[in-house]
Amino acid sequence: MPDGYLQIFIFLAIAIAFPTVTILAAKLIRPSAPSITKLEAYECGIKAASDSRGRYTVRFYIIAILFVIFDVETIFLFPFAVRYKTLGWFGVAEIVVFLAILIVGYVWAWKKGALEWV
Amino acid sequence: MLDTIFFYLFALLVVGGGILTITRSSAVHSAICLIGSLVGVAGLYLLLHAEFLFAVQIVLYIGGIMVLFLFVIMLVNLDEAARERQFNGQWWLALACVVVVGLQIAWFMRKGAGAFKLAPAAAAAASAAKGNTEAIADALFSEYLLPFEIASVLLLVAVVGSVVMAKKRI
């Protein structure tokens, strides 16, 4: 067991168990009388016009995939950040080269209009 | 003792999430179950002292790739597919294959149990001297410097590829 994680794991286990037990207990105790009316929007709510699972625009996909790519870039910055002092200017040069190559792609995607939302 | 309990809890999360992922008929439900499975894998990384990998698992897989999965699911309308019968009559064959492969793996793990021995003392000493992320940083910025720089080129290719392929469809 890694030091210091025991408390977190126990906290996590309790945090997961609490809502699970509560919801299951409520499900066992409460009376069940489902009807269509109960599923409708209440009073001032707007009635659903269509199904929520429609097709989304491809722009969401481009933004999501660019997010994943720059997420990977961010992950690579973490090892540099914790060893910043030890690596010195050598590390800075390395990370600048790493970022420069990716910023080329970022600027290109920007110029290409991939980040535009029109 | 306690870490064994937590290992089995996380393993249950991984396997249970995986089974739910392949059995749900709604693709969105499958994706949510896959998130649960990946959280279990992250917990296993933490049990193995791999804190950096844990962070990568949470930030990248659960935060990034699952969002991408959900957007892909929403992009291609799966409503018609969800209404159709997805499970054909060959599930028993698949189950038989799983059992055979599982028995094989169990057999080889029993036979070659000695090969799985790690050096716990060395690993513990290394992680005690410096953290997991620091160790990765040292390896990344000395031994694996070129792969690290090439990784940025790989990411650049991914940027260009995704934009070019998606732009055509707009």
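Tabulated results
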item	result
Subset of the stretch B:10-28 [part of a helix (DSSP H, G or I) and over 29 Å from A:Ile10 (Cβ atoms)]	B:Ile22, B:Thr23, B:Ala27, B:Val28
Test: residue in the stretch B:114-136 that is β-branched (Val, Ile, Thr) and at pLDDT below 90	yes
Restricting the stretch A:70-104 to residues that are out of contact with any Phe, Trp or Tyr (no Cβ under 7 Å at 6 or more places or on another chain) and in contact (Cβ under 8 Å) with a residue 12 or more places away in the chain, the residue that is surrounded by the fewest Cβ atoms within 10 Å (Cβ to Cβ)	A:Leu77
Any pair with Cβ under 6 angstrom, 6 or more apart, that starts in the stretch A:1-30 at a residue that is within 11 Å of chain B (Cβ to nearest Cβ) and ends at one that is in a helix (DSSP H, G or I) and of a type in the set (Asp, Glu)	A:Met1/B:Asp3
Residue match in the stretch A:28-43 (condition: at pLDDT 85 or above and of a type in the set (Val, Ile, Thr))	yes
Test result for B:Leu48, of a type in the set (A, V, I, L, M, F, W, C), modelled with pLDDT under 90, within 30 Å of A:Gly4 (Cα to Cα) and out of contact with any Cys (no Cβ under 6 Å at 6 or more places or on another chain)	yes
Matching residues, the stretch A:55-75, being more than 7 Å from every other protein chain (Cβ to nearest Cβ) and within 15 Å of B:Ala55 (Cα to Cα)	A:Thr74
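The values are calculated or read from the model by the stated rules, or taken from the named source; none is laboratory data. The shown structure was predicted, so the numbers you read here are calculated from the model rather than taken from an experiment. Please note: Cβ atoms are built from the backbone with ideal geometry, for glycine as well, and neighbour counts cover all protein chains shown.
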